[in-house]
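Accompanying notes for the structure given below.
The values are calculated or read from the model by the stated rules, or taken from the named source; none is laboratory data. Bear in mind the structure is a predicted one, so any value in this text is a computation, not a measurement. A quick note on method: Cβ atoms are made from the backbone with ideal geometry, for glycine too, and the neighbour counts reach across all protein chains shown. Just so you know, the surface numbers come from the protein's heavy atoms only, side chains and all, with ligands and any DNA or RNA stripped out. Shrake-Rupley method; radii C 1.70, N 1.55, O 1.52, S 1.80 Å.
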Amino acid sequence: MAAKRQPIISGNWKMHHNHFEAIQCVQKLHYRLDGDDHSSVDVTVHPPFTDLRSIQTLVESDKMQIVLGAQNCHWEEKGAFTGEVAAPFLAKLNVAFVIVGHSERREYFGETDEQVNLKVKAVLGNGMTPIMCCGETLEEREAGQAEAKVERQVREGLAGVLKEHVAAMVIAYEPIWAIGTGKVATSDDAQAMCAHVRKVVAEVAGADAAASVRIQYGGSVKPGNIAELMSQADIDGALVGGASLEADEFAAIVQYRNHVTG
Ligand code: PGA
C-alpha cells in the first residue's frame, strides 16, 4: 500500500463573510487550532475574492498554518473577460488551493467539463493545487447513473493533465443532493464513490497518481459525522460549506480525531 495521505479539510465559504468577518473567522479558527491539528491535517480556507488579500496578510504576518484557497478562477492568464479573476492573480496572493468545478458553478454559471479541465490546467500551470469537484444529482443517483456521471467528470476534468500533477491534486466528491441540505451520504456510499474516483484516476493517470491523489467528501459535513467519514479508506478529507463559516464548528471538524464516532 502507498504511504498514508495527509488529510486535508477545506472550508468553502461560498458567498459569505466580507473581509472584516473573514478576518475575525480566521483569527478565531487559528486560536482554536493547535500545533497537533496542523501537523496532522492540512486546513484550507476559501473566502470570496474580495477577502483574499486581507486573509493573506493575516495568515502571513501571524505565521498561521491555515492555508489560503480560492473558490474559482478563469483559465486565461489575462484578457477582456469582465468580472473574471485570472489564476496568476491568485498565485500572486500566495493562494495555494483553488476549488474548480464546484456543482454550484456548474449548475448556476453553466460551467462545462471542458472549462473545468481548462481551469485545472490554469491552476496547475500557476503552481497552485486544484480541488476539482464532481458529484451526481439525486435524479442521477436514483436512475443508477451516479458512477457514470462522476467518472465522466473526473476523466474530462483530468484530460491531458500530467500524471505527476494529478498525483498532487485534490478531488472532491460532493453528491449534489447532500450539499447544504443536511443530508449526508452514508459513509459506505461516500466510500464507494471515492473508491470509484480513485479507480478512474488509476485508469487515467496510473497507479502511483491514484495512490497519492487526495479525495475529499463534501456535502453536509458536520462535527458529528466527520470522524465516521474520515475512517473510510478512500476518504482523505472534507470540503465543508456551511459548517466552515463558524470557527468553532470548523475547528471541531478539523479536530475529528477527538470525536467519538456514532
Ligand atoms: P455544505 O457544502 O457543507 O454546506 O453541504 C459543501 C460544499 O458545497 O462544498
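Run the helix sum for the chain: -39,500 (n - 2.57) per DSSP H stretch of 4+ residues, divided by residue count, reported at 222 nm to the nearest 500 deg cm²/dmol. Kindly include the intermediate steps, with their values, before the conclusion.
Numbers: 13 runs with 117 residues, N = 262.
Rounded to the nearest 500, it is -12500 deg cm²/dmol.
Skipping prolines and chain starts, which residues have an amide H placed within reach, meaning under 5 Å, of the one on A86, given they are 5 or more residues away or on another chain?
H74
Going through region 24-107, which trypsin sites (Lys or Arg not before Pro) have at most 13 other Cβ atoms within 10 Å and a DSSP loop state? Let's see the in-between values first.
Details: sites: K28, R32, R53, K63, K78, K92, R105, R106; in loops: K63, K78.
Qualifying residues, ordered by number: K63, K78.
Please give the residues of region 152-168, grouped as numeric ranges, whose backbone N is less than 17 Å from a label point set 7 Å along the Cα-to-Cβ vector of T112.
Counting backbone N atoms under 17 Å from the label point, the list is 152-160.
So for the chain, averaging the separation of alpha carbon pairs under 8 Å that are six or more residues apart and normalising by length, what relative contact order in percent results?
Values: 508 pairs, mean separation 53.7, N = 262.
Computed over the chain, the figure is 20 percent.
Could you compute Rg(Cα) / (2.2 N^0.38 Å) for the chain, with N its residue count? It would help to have the intermediate numbers written out before the result.
Values: Rg = 17.0 Å, N = 262, 2.2 N^0.38 = 18.3 Å.
My calculation over the Cα atoms of the chain gives 0.93.
With Kirkwood's inverse mean 1/r over C-alpha pairs for Rh, give me the Rg to Rh ratio of region 144-262, two decimals please.
Working: Rg = 14.4 Å, Rh = 14.7 Å.
Rg/Rh for region 144-262 comes to 0.98.
What is the local net charge at S54, summed over the other residues whose Cβ is closer than 14 Å to its Cβ (Lys, Arg +1; Asp, Glu -1)? Please list the in-between numbers first.
Numbers: positive: R53; negative: E21, D51, E60, D62.
So the environment of S54 carries a net charge of -3.
Of the cross-linked pairs K163/K199; K63/K119; K119/K222; K28/K63; K63/K121; K28/K92, which ones have a Cα-Cα span greater than 18 Å in the structure shown?
K63/K119; K119/K222; K63/K121; K28/K92
Please give, to one decimal in nm, the separation of the simple spin-label points placed at S231 and Q6, each 7 Å out from Cα toward the Cβ.
2.6
Expressed as a whole percent, how much of the Cα-Cα distance distribution for region 1-78 exceeds 17 Å?
Considering region 1-78, 48 percent of its Cα-Cα pairs are separated by more than 17 Å.
If Lys and Arg each add +1 and Asp and Glu each add -1, what is the summed charge of the other residues whose beta carbon sits under 14 Å from the beta carbon of I23?
Residues close to I23 contribute a combined charge of -2.
Quick one: net charge of E246's neighbours, Cβ under 12 Å, K/R +1, D/E -1?
0
For the chain, which longest stretch is free of loop sites, where a loop site is one of the GluC sites (Glu not before Pro) that DSSP puts outside H, G, I, E and B and that has at most 15 other Cβ atoms within 10 Å? Intermediate results must be reported in sequence, preceding the final value.
Details: sites that count: E76, E77, E84, E246.
Formally, the longest exposed-site-free interval is 85-245.
What list of ³J(HN,Hα) couplings, whole Hz, do you get for region 23-30 from phi and the Karplus terms 6.51, -1.76, 1.60, once you set θ to phi - 60° and write x for glycine and proline?
4, 4, 5, 5, 4, 5, 4, 4
Tell me, what is the Rg over Rh of region 53-160, with Rh the Kirkwood radius over Cα pairs?
1.04
Step through the residues of region 36-43 one at a time and calculate ³J(HN,Hα) from phi using the Karplus curve (6.51 cos²θ - 1.76 cosθ + 1.60, θ = phi - 60°), rounding each to whole Hz and writing x for Gly and Pro.
Using θ = phi - 60°, the values come out as 4, 4, 5, 6, 9, 9, 7, 10 Hz.
Specify which residue in the list V197, G224, A211 is farthest towards the positive end of the charge dipole of region 184-261, using unit charges on the beta carbon of Lys, Arg (+1) and Asp, Glu (-1), about the Cα centre.
Sorting the options by dipole projection puts first A211.
In debye, nearest 20: dipole of region 8-259 around its Cα centre with unit charges on the Cβ of K, R (+) and D, E (-)?
420
Among the trypsin sites (Lys or Arg not before Pro) within region 156-262, which fall in a DSSP loop and have no more than 16 other Cβ atoms within 10 Å of their own Cβ?
Sparse-neighbourhood loop trypsin sites (Lys or Arg not before Pro): K183.
Give me the aspartates and glutamates in straight-line cross-link reach of K149: C-alpha distance below 13 Å, same-chain residues under 8 apart excluded.
Correct list for K149: D113, E136, E139, E140, E174.
What whole-number value in Å² describes the accessible area per residue of the chain for a 1.4 Å probe?
Averaged over the residues of the chain, the accessible area is 45 Å².
Are there any chymotrypsin sites (Phe, Trp or Tyr not before Pro) in region 1-67 that are in a DSSP loop and have at most 16 other Cβ atoms within 10 Å? List them by number.
Passing both the DSSP loop test and the Cβ count: no residue.
With contacts defined as alpha carbon pairs under 8 Å and 6 or more residues apart, what's the relative contact order of region 24-176 in percent?
Contact order relative to length: 19 percent.
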